[in-house]
Amino acid sequence: MPFPTRRLLLVSTPVGPLGSGLGGGVELTLLNLYKGLTAQGHHITVLAPEGSHLGDVPIVEIAGQLQPTAHTQGRDTPIVLPSNSVLGQMWCHARQHQDQYDLIVNLAYDWLPFYLTEFFATPVAHFVTMGSLSDAMDAAIHRVAHRFPHRLGAYTRTQAETFGVADAFEILSSAVDLDLYQFCPTPGNALAWLGRISPEKGLEDALEAATIAQAPLKILGKLEDADYWQQLCQRFPSAVDSYLGFLPTHELQQVLRQCRALVMTPRWVEAFGNVAIEALACGVPVIAYQRGGPTEIVQPGKTGWLVAPDHVPGLVDAIANIDSLDRHACRHQAETDYSLSALTTRFECWFETIITAQSA
Ligand code: HBI
């Protein structure tokens, strides 16, 4: 029995306009949710900073100053709200229009929306996009966990466990629009590395392993931390030519599908690792540190290899053992576990749990 048609407001991350790449995995998640939920007949409104664009998704654009990114702050970082903050403006808009929606879904990893939960008549659900990063955010998340059961969602259990209240989270995993990714049975010699170029992504290890393995490395993603990139280029002269930019999905998968494997070197607990399922969708095996989301995605010896965290020789060994992996098995895993329809059903179930609990 299909779910009742719902009117949903999705409130995006305040760190950058959608399409800028600054929102990282949130951009992909938002686009997938919009596609999947509208295909099921739900009415979706997306609220995002001005200058946002996401495929043909209609967006209510909100002006205001962008929020500093949480992943570069420390654990004891105080909550900041810039003057004329876009975060504040988005939630002021949400409050003013809340009675037009059955549910408001927050995708920002910021204190304000969690704090505001109790002041809204329309239920607010929070899809948490990263692991624990600061004491202030942990406190805000704990408060929602204790006062509003079912209102927290996460990509993976590993990620939810970093907050110490894992049982309060719905685990929703992620997805890709499989139609956008083309399987490639016969790759070239290159390895791929995808992601925001920022210290917590550990690109230096992938460069070191690729150098030892004498395999070209194709680097794709948002160049977020210029100083960090500068240091990498000094240490690895080949890096400059390996960087192919932040490409739209169609061009990204053209490069990715021809690679022998994706190398993932997260220094932090990657909440999910959307790039891993983009690779699997192209038939590309995933070599990843055994840390965070990728540990719940990679099937060792079947669709990739998991390596002891921060252990470059382990990456080199895994690179030497890529050819024993079956590229068809990779695409198959994407089709069974990470399709858009599977994701949509998981979110619809979560939303119904909240909406029915609210009206009970
Ligand atoms: N930082 N303050 C803040 N708010 C976010 O929503 C946020 C962020 N940093 C990164 C980020 N979101 C996205 O890249 C996540 O998908 C990881």
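The values are calculated or read from the model by the stated rules, or taken from the named source; none is laboratory data. Bear in mind the structure is a predicted one, so any value in this text is a computation, not a measurement. Neighbour counts run over all protein chains shown; Cβ positions are idealised from the backbone, glycine included. The accessibility values were calculated without ligands, DNA or RNA, using every heavy atom of the protein model including side chains. Shrake-Rupley method; radii C 1.70, N 1.55, O 1.52, S 1.80 Å.
Based on the Kirkwood radius over alpha-carbon pairs, what value in µm²/s does the Stokes-Einstein equation return for the translational diffusion coefficient of the chain at 20 °C and 1.002 mPa s? For the chosen part, D equals 103 µm²/s. Counting only protein heavy atoms and using a 1.4 Å probe, the accessible area of E278 comes to about 20 Å².
For region 129-139, backbone phi angles converted through the Karplus equation (6.51, -1.76, 1.60; θ = phi - 60°) give residue-by-residue couplings of 9, 9, x, 4, 10, 8, 5, 5, 5, 4, 5 Hz, Gly and Pro being listed as x.
Annotation: extensible slack from E352 through N321 equals 6.7 nm (criterion: 0.36 nm per residue apart, minus Cα-Cα distance). In this view, the solvent-accessible surface of R235, computed with a 1.4 Å probe and all protein chains in place, comes to about 140 Å². For the pair region 9-32 and region 65-135, the centres of their Cα atoms are 13 angstrom apart. Full extension of the chain between D310 and A139 yields a length gain of 58.6 nm, computed as 0.36 nm times the residue separation minus the alpha carbon distance.
Using the Cβ-Cβ distance between V165 and Q73 with R0 set to 25 Å, the FRET efficiency from 1/(1 + (r/R0)^6) comes to roughly 0.75. Using the rule -39500 (n - 2.57) for each DSSP H run of four or more residues, divided by the residues of the chain, the 222 nm mean residue ellipticity is -10500 deg cm²/dmol. Based on the Cβ-Cβ distance from Y115 to T336, what FRET efficiency comes out when R0 is 45 Å, to the nearest 0.05? Computed FRET efficiency for Y115 and T336: 0.70. Annotation: amide H-H contacts under 5 Å for L247 (H modelled 1.01 Å from N, sequence separation of 5 or more, or interchain): G221. Spatially, region 232-255 and region 314-360 are offset by 26 Å when compared through their Cα centroids. Close Lys pairs in the chain, defined as Cα atoms under 28 Å apart and 8 or more places apart or on different chains, number 5.
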